[in-house]
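Below is one structure, written out as structure tokens; comments come after it.
Just so it is clear, none of the values below were taken in a lab; they were calculated from the coordinates. The model shown is predicted, which means the values in this text are computed figures rather than measured ones. With ideal geometry, Cβ positions are generated from the backbone for all residues, glycine too; neighbour counts draw on all protein chains shown.
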Amino acid sequence: MYEFRCGSPVCKTHFTAPTEDALMGQVAEHVVVKHKIPAPTKSLVAFVKANCISQVQSTTKAG
Ligand SMILES: [Zn+2]
């Protein structure tokens, strides 16, 4: 799965999604609601992908 950590120093938002597409959808919503950016530029999206998103192992064997 994929993990997003907001790059803003004043924002501690962190969430995960099963796919990168799903995560980007949540990220888009987040920047609109929290950062008042209704239409992120391509460079912002590229920055977020490069710096705020990482793929993580979904090894949840609890239970
Ligand atoms: Zn944020």
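So the values come out like this:
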{"item": "Cβ-based net charge around residue 44, under 14 Å, with every Lys or Arg adding one and every Asp or Glu removing one", "result": "+4"}
{"item": "Degrees between helix 20-35 axis and first principal axis of the chain (Cα, 0 to 90, nearest 10)", "result": "40 degrees"}
{"item": "Tilt relative to the chain, helix 42-51 - C-alpha long axis, 0 to 90 degrees, to 10", "result": "40 degrees"}
{"item": "Shape parameters for the chain, alpha-carbon atoms, Rg then Dmax in Å", "result": "12.3, 42"}
